[in-house]
2 protein chains.
Amino acid sequence: MAEQKKMVEAITSMDVDFAKWYTDVVRKADLADYSSVKGCTIIRPYGCAIWENIRDILDGMFKETGHENVMMPLLIPESLLQKEKDHVEGFAPEVAWVTQGGQEKLTERLCVRPTSEVLFCEHYSHIINSYRDLPMLYNQWCSVVRWEKTTRPFLRTTEFWWQEGHTMHETAEEAMAETEQMLNIYARMCEEYLAIPVLKGRKTEKEQFAGAQATYTIEAMMHDGKALQSGTSHYFGDGFARAFDITFQGQDNKPAYPHQTSWGMSTRIIGAIIMTHGDDNGLALPPAVAPIQVVIVPIAQHKEGVLDKAEELRKRLSAICRVKCDASDNSPGWKFAQYEMKGVPLRLEIGPKDIENNQCVLVRRDNREKTIVPLDQLEEKIPELLKAVHDGLYQRALENRENRTYTATSMEEMIQLANEKSGFIKAMWCGDLECEMKLKEQAGVTSRCMPFEQEHLSDVCVCCGKPAKSMVVWGKAY
Amino acid sequence: MAEQKKMVEAITSMDVDFAKWYTDVVRKADLADYSSVKGCTIIRPYGCAIWENIRDILDGMFKETGHENVMMPLLIPESLLQKEKDHVEGFAPEVAWVTQGGQEKLTERLCVRPTSEVLFCEHYSHIINSYRDLPMLYNQWCSVVRWEKTTRPFLRTTEFWWQEGHTMHETAEEAMAETEQMLNIYARMCEEYLAIPVLKGRKTEKEQFAGAQATYTIEAMMHDGKALQSGTSHYFGDGFARAFDITFQGQDNKPAYPHQTSWGMSTRIIGAIIMTHGDDNGLALPPAVAPIQVVIVPIAQHKEGVLDKAEELRKRLSAICRVKCDASDNSPGWKFAQYEMKGVPLRLEIGPKDIENNQCVLVRRDNREKTIVPLDQLEEKIPELLKAVHDGLYQRALENRENRTYTATSMEEMIQLANEKSGFIKAMWCGDLECEMKLKEQAGVTSRCMPFEQEHLSDVCVCCGKPAKSMVVWGKAY
């Protein structure tokens, strides 16, 4: 249809310019807008509704595993941030400083929180006394600010929204188990709800979170072959506990330091959804978080009975899914393009002929497959098709990742792959920072993670030829 | 019981020192804690769960009336804040200023939002074009910062959490109807969910929001007779629209300025809950927002079958209410005091004798009334009793308000009442700022509101004796 074509022409094709395609989708699907503060975006209602769906699912999983929400202050005194050496070194260069409050110049600068470890630790130092108080399983939903030089909606913004879990445990083992549990929750969120396959693994020391002893990550591959870190979980040991003098009386009556974790997933995951599933028609949303799961488009709506039937269906279907009926003046072609752009998983078309035959047409967003469905079977068919859309999106993303995952056993191969292909490159590594830096300089790739599922590709480091310690997945990242 | 007495002694009695009682309850019921940032508090899990319940109810009412959520930036450039004259005059003296971002000194200061009118207006100037885009019904859940000199948890804190609705309409009438609709939603929230009776009315010009043409308020009376402004709704006219050059093409094809509203309710409402319903045993929570609605206390839990039965009941009742079973080592007396302190609406006691008789004891938090209930009637009785607790709390609060509402027809009466009583004082007013100021200076009261339900108490102003324009409710406020 002409209108559809026109609308589609308004987005840059993915293959022509992926970055431009991304920005076009963000703007045209009404996900976000720029604000007048450099690097800060406005999350518009459609983007916000996706985030609320993600929040509700994650929050449910956090509460099921015994976590409680708290609300921590937005501002951190400079002296508090400085208490843990590695942490402040990691964050101080990129924070926003408040120096004036009301009419008074502050005697101590306050930073707008870039993350809240130190706030939690100070609070924990007041409320943890005995092993009976442990584990302390807290989470907070908030926004944080990191002064970024170059920004892109959802992927890297000066302010972003996230949740941050901060927990304290009696033993190191329990804290490590928590770190693993939360990484698994993030992986489930991605795979079972967002249809995004992820690699689970550990970050190299260089890529570790500031102050952490170990950082675990889930890495997703975007449609263009680049990696996106989609959630992280950190084991801190007792470093912060020592710095903040958090002790508890152990079961043996002796004082001890608790062991700590933190973990987070942010609005960046919306960027992952866009770049994993989107296509030249726009966004494609995983049904679990789509603000509209089914859009009803009446055909020949001026004809008697069509709008009534469409509205009747909307009411009926609202019991089983998030449904919208678009009865506006726009043409069906315009509506088709509009809701494809917005990534609505299923389109339901109903016109006079369908009504006569007591049926409608359901069209999947992922592959445009049409199914004619008797109206009395909708309650059964819609959940089936939503599941099919989820599976279709997941499969396509998995195939993309498999097709774009390469293996390098020599530096020449690594450089060639990094230059000619875009994707994950598996290679063995000796564990030395020097080799990691060389790979970055010479091949332009960074270590994404050391996957938990290790493979033995060769005996030696791809860079130096010394004995290899682990297989690393390398790539270019957002 | 000894333990219970001891625990209760740990809170200051309301009648001895209401302010101290308040702080004791906040701390001992684990609602909030102080942070190391002056005037900023940490909302602890129990307080946070109350806020999440309030949020979910309000958010549902906002969505039912067609509002959508967005997420706006935390930071506002100084020049943007200055665009509307009255607004910046109201807020500039109490904002926190960011002057440094990362390593760079900013060329323009950014303020941490004290409220977001200007952010919404700037966004609206980009997205409103035609009357077809109106109304624009947006809301945001966030925290804001106002540099306060003296602070108290929930009531007045440098940072607080709230929602702010910001809407744009085609006509003034529609915007005014929105202002009224939202005030009614706040009143419903207070009365139907929080069991807090409220007065609805309009603020005097002096008490109006910075930049608004009219401010509407719901005023609640706390147990000590002081007023708490519990929600406000503002009509802005087109002042901001003109300042931000927001225009739309009207149905007549001519450009026009839209009409604006904003409205908010904050974590301060938790302070209202504490001070309206609490007593010398601690908090008393309205069932609709209580994190735990029913606490099961096993009696003689070492006896065979007691804990199993208690746990069986917990599982069963979790289908109809938020229920917790406390099987800890603490004595029943300690538990009674603990959950009274935490304001849990219903306590369910079950011991060996009860099990034998297939019954349990239900105790209401509001009046301690005990009911023996056959176990097979719990699904029916618990909702009934939760409703009874709500009604009991509401009635007590309403009686308190009625008992503490006075009428003054002369300045002498006004001063005497203000000195000797604590409560609302109704009096006629000529409408002049001068009289309003005199009442503040001489009687120490401020105008709370001009209630929508006006009464004719006399023909003349209580202060100057000139013809009266309206009845005002005066009082001392938090």
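The values are calculated or read from the model by the stated rules, or taken from the named source; none is laboratory data. Just so we're clear, the structure is a prediction, and the values are computed from it rather than from any experiment. Positions of Cβ are generated from backbone atoms using ideal geometry, with glycine treated the same way; all protein chains shown enter the neighbour counts. Ligands, DNA and RNA are stripped out before the accessible areas are found, and what is left, the full protein with its side chains, is counted by its heavy atoms. Shrake-Rupley method; radii C 1.70, N 1.55, O 1.52, S 1.80 Å.
At least 3 residues that are outside the structural domain of B:K353 (by TED's automatic domain parsing) and over 24 Å from B:T215 (Cα atoms) in each: list the helices (runs of 4 or more DSSP H) lying fully within the stretch B:370-478 that qualify. Output list reads B:378-403, B:411-420.
From the list A:P135, A:P114, A:P153, exactly one residue is open to solvent by 40 Å² or more (accessible area, probe 1.4 Å) and more than 10 Å from chain B (Cβ to nearest Cβ). Which is it? After ruling out the rest, the residue left standing is A:P135. Restricted to the stretch A:288-303, and to residues there that are touching a Phe, Trp or Tyr at 6+ places or on another chain (Cβ under 9 Å) and in contact (Cβ under 8 Å) with a residue 60 or more places away in the chain, the residue that is surrounded by the fewest Cβ atoms within 10 Å (Cβ to Cβ) is A:A288.
Return the residues of the stretch A:432-457 that are closer than 16 Å to A:E413 by Cα and open to solvent by 20 Å² or more (accessible area, probe 1.4 Å); say none if nothing qualifies. If the condition is that a residue be closer than 16 Å to A:E413 by Cα and open to solvent by 20 Å² or more (accessible area, probe 1.4 Å), then A:K438, A:K440, A:E441, A:Q442, A:G444, A:T446, A:L457 are the ones that fit. Filtered by the rule that a residue be of a type outside the set (S, T, Y) and more than 9 Å from chain A (Cβ to nearest Cβ), the stretch B:121-132 gives B:C121, B:I128, B:N129, B:R132.
Of the residues making up the stretch A:117-132, those that are open to solvent by 30 Å² or more (accessible area, probe 1.4 Å) and in contact with an Asp or Glu (Cβ under 8 Å, 6 or more places away or on another chain) are A:S125, A:H126, A:Y131. Determine if the stretch A:8-22 includes at least one residue that is more than 7 Å from chain B (Cβ to nearest Cβ), under 29 Å from B:W161 (Cβ atoms), among the acidic types (D, E) and surrounded by fewer than 17 Cβ atoms within 10 Å (Cβ to Cβ). No, every residue in the stretch A:8-22 fails to be more than 7 Å from chain B (Cβ to nearest Cβ), under 29 Å from B:W161 (Cβ atoms), among the acidic types (D, E) and surrounded by fewer than 17 Cβ atoms within 10 Å (Cβ to Cβ).
Selection of first residues in the stretch A:35-53 that are assigned by TED's automatic domain parsing to the domain that holds A:C190 and open to solvent by less than 20 Å² (accessible area, probe 1.4 Å) and of second residues that are among the aromatic types (F, W, Y) and modelled with pLDDT under 95, restricted to Cβ pairs under 7 Å at least 6 apart or on distinct chains, gives the following pairs, ordered by first then second residue: A:T41/A:Y34. Within the stretch A:304-321, restricting attention to residues that are within 37 Å of the chain's Cα centre (by Cα) and surrounded by fewer than 16 Cβ atoms within 10 Å (Cβ to Cβ), the residue that is nearest to A:L386 (Cα to Cα) is A:I320. Only a single item in (1) at the interface with chain B (Cβ under 7 Å from one of its Cβ atoms); (2) open to solvent by 10 Å² or more (accessible area, probe 1.4 Å) is not met by A:D30, and it is number (1). Could you tell me whether B:T158 is at pLDDT 95 or above and either within 19 Å of the chain's Cα centre (by Cα) or away from every other protein chain (no Cβ under 14 Å) (or both)? Yes, satisfied. Flag set for A:K63, criterion: assigned by TED's automatic domain parsing to the domain that holds A:L194 and surrounded by fewer than 23 Cβ atoms within 10 Å (Cβ to Cβ).
With respect to the conditions (1) within 19 Å of B:R113 (Cβ to Cβ); (2) touching a residue at least 60 places away in the same chain (Cβ under 8 Å); (3) in contact with a Gly (Cβ under 8 Å, 6 or more places away or on another chain); (4) open to solvent by less than 40 Å² (accessible area, probe 1.4 Å), B:V25 lacks only one, and its number is (1). Please work out if B:Q82 is at pLDDT 95 or above and among the polar types (S, T, N, Q). In short, no. Check whether at least one residue in the stretch A:85-96 is within 11 Å of chain B (Cβ to nearest Cβ), aromatic (F, W, Y) and either touching a Leu at 6+ places or on another chain (Cβ under 7 Å) or closer than 30 Å to B:Q103 by Cβ (or both), and report yes or no. So far as the stretch A:85-96 goes, yes, one or more of its residues are within 11 Å of chain B (Cβ to nearest Cβ), aromatic (F, W, Y) and either touching a Leu at 6+ places or on another chain (Cβ under 7 Å) or closer than 30 Å to B:Q103 by Cβ (or both). Of all the numbered requirements in (1) touching a strand residue (DSSP E or B) at 6+ places or on another chain (Cβ under 6 Å); (2) surrounded by 20 or more Cβ atoms within 10 Å (Cβ to Cβ); (3) facing another protein chain (nearest Cβ under 7 Å), B:Q100 misses one, and that requirement is (2). Residues being out of contact with any Cys (no Cβ under 7 Å at 6 or more places or on another chain), open to solvent by less than 10 Å² (accessible area, probe 1.4 Å) and within 9 Å of chain B (Cβ to nearest Cβ) are entirely absent from the stretch A:165-184.
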